[in-house]
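Peer 1: Got a structure here, written out as structure tokens. Questions coming.
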Amino acid sequence: MNDNSTERAPRLDAVLSPRRRRTLGMLAAYGAACGAALITAGCGARATARRDTLAFSGVTMGTTFSVRIAGGPFEPGLEAAAHAAVRAAFDDVVQRMSTFDATSELRRFNAHAATTPFVLGRETLTVLARAQQVAAASGGAFDATVAPLVGAWGFGAGAAAREVMPSPAVLQGLATAVGWQRLVVDAERGTARKLAAALQLDLSGIAKGYAVDRAAQALEALGAVRYMVEAGGEVRTRGLNAEGVPWRIAIEKPDAWPQQVQRIVPLRSLAMATSGDYRNFYELGGRRVSHEIDPATRAPAAHALASVSVVHEECMSADAWSTALFVLGPERGLALARERGLAAHFIVREGGALREFTTPAFDAAVAAAATLRTG
């Protein structure tokens, strides 16, 4: 096991900590978010600049974000333009896909209690289409229609941690309102349609990754070719960092506080997302109730898996797949990741210790990135 202490944290570019399901559109307490989301990038909306790096950070989607642009010297005004472009990208995704903002496009779709087609923007349809692809490929382990179950277990918009578990009858009653097969996405016509009027969507397991992709695209539009964008457990990189090596992204050690590093992953022009059960949960009857809901059982995932990190070309796909693999658990998730050639890293609790398991694609991606240097 590669177990690195927090003493190495200052050498890192970011540390990924899993947060999803309750984040989109919810502004968390600023100080608490800063303490948990990043070790190295720092907090605060004020940007700082060095000769070789621009760096700024802030709050979005209920968590922190951090951006670093390497390769200076920089054109005058790039700092302010990059900050504004990234903020605009995040804000646009929140306005479209937030489960907390009553005026968001997603909330308006959820309120559409009919089975007639509903017109959605291209951005939301893009996310829905990818969500459906991952749902089909994972046997429904990832399911954007899980919103009623998320609420029933005390997560999501307006929900509070429960004092008693929802009854089997309540969960059974929600069965007809959940199921990715009950959603029809028609990108050509620009619509989505419910096959069950009670269907409700929650895109918190994929939209944050999409927001990171959008922020990355905004930076590239400004000419940035060496950057890192991170937002609460999702990250996307391009090129090399200011030291001329791949960006050093750390996977957080589950259950550790203060925050510690489990493994450092070198990334160049790749994205990574992490899902886990150790940041967003509550205790009920001596049981950990995680926000990661298994649609098959209609209950929080219950297994020894602590976290899954997925490396992918786009953050949206890494985000969705990390959720799906976590729901599947250590055996089925690892088997599916290997079968589909996914670059995935699993941390499993075993007898009071943590064990790491990786796929061949993950090992290959890390080995390839580790050999890269400037020149």
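Since every read-out is calculated from the coordinates, none of them should be taken as a lab result. Worth saying up front: this structure is predicted, and the values here are computed from it rather than measured. Cβ: placed from backbone, ideal geometry, glycine included. Neighbour counts: every protein chain shown.
Peer 1: What does the stretch 80-209 give for Rg and for Dmax, in Å, if only its C-alpha atoms count?
Peer 2: 15.4, 54
Peer 1: Another one. Can you give the FRET efficiency to the nearest 0.05 for residue 181 and residue 114, using r as the Cβ-Cβ distance and R₀ = 22 Å?
Peer 2: Result of the calculation: an efficiency of 0.75.
Peer 1: Related question: Using amide H atoms built in the peptide plane, which far-off residues or other-chain residues are under 5 Å from residue 204 H to H?
Peer 2: For residue 204, whose amide H was placed from the backbone, the distant partners under 5 Å are 21.
Peer 1: Out of 312, 297, 357, whose Cα points farthest toward the positive end of the dipole of the stretch 284-375 (charges: +1 Lys, Arg; -1 Asp, Glu; placed on Cβ)?
Peer 2: Sorting the options by dipole projection puts first 297.
Peer 1: Sequence-distant or interchain residues sharing an amide H contact under 5 Å with residue 306, placed H: which?
Peer 2: 347, 348, 349
Peer 1: Then there is this: What does the extension gain come out to for residue 313 and residue 372, with contour length at 0.36 nm per residue minus their alpha carbon separation? Show your work: numbers first, answer last.
Peer 2: On the way: separation 59, 0.36 × 59 = 21.24 nm, distance 1.71 nm.
Net length gain for the segment: 19.5 nm.
Peer 1: If you don't mind, there's one more thing I want to ask. DSSP loop (so not H, G, I, E, B), at most 13 other Cβ within 10 Å: list which GluC sites (Glu not before Pro) in the stretch 170-251 pass both filters.
Peer 2: 188
Peer 1: Based on alpha-carbon centroids, what's the gap between the stretch 116-142 and the stretch 48-112 in Å, whole number please?
Peer 2: 23
Peer 1: Right, another one. Using θ = phi - 60° and the Karplus relation 6.51 cos²θ - 1.76 cosθ + 1.60, list the HN-Hα couplings for the stretch 57-66 in order, rounded to whole Hz, with x at every Gly or Pro.
Peer 2: My calculation for the stretch 57-66 gives 8, x, 10, 7, 6, x, 8, 9, 10, 9 Hz in order.
Peer 1: Please compute the modelled spin-label separation between residue 169 and residue 256, points set 7 Å along Cα→Cβ, answer in nm with one decimal.
Peer 2: 4.7
Peer 1: Tell me which residues come under 5 Å, amide H to amide H, from residue 293 once H is placed; ignore anything under 5 positions away on its chain.
Peer 2: Sorted by chain and number, the residues that satisfy this are 301.
Peer 1: Which whole-Hz ³J(HN,Hα) couplings does the stretch 201-209 yield from phi under the Karplus relation 6.51 cos²θ - 1.76 cosθ + 1.60, θ = phi - 60°, glycine and proline marked x?
Peer 2: Computed from phi, the couplings for the stretch 201-209 are 9, 9, 9, 5, x, 8, 5, 5, x Hz.
Peer 1: Distance in nm between label sites at residue 269 and residue 81, each 7 Å beyond Cα in the beta-carbon direction?
Peer 2: 2.3
Peer 1: For the stretch 323-338, just list the computed ³J(HN,Hα) in residue order, Karplus coefficients 6.51, -1.76 and 1.60, θ = phi - 60°, integers in Hz, with x standing in for Gly and Pro.
Peer 2: Each residue of the stretch 323-338 in turn: 5, 4, 5, 5, 4, 5, x, x, 7, 5, x, 5, 5, 5, 4, 5 Hz.
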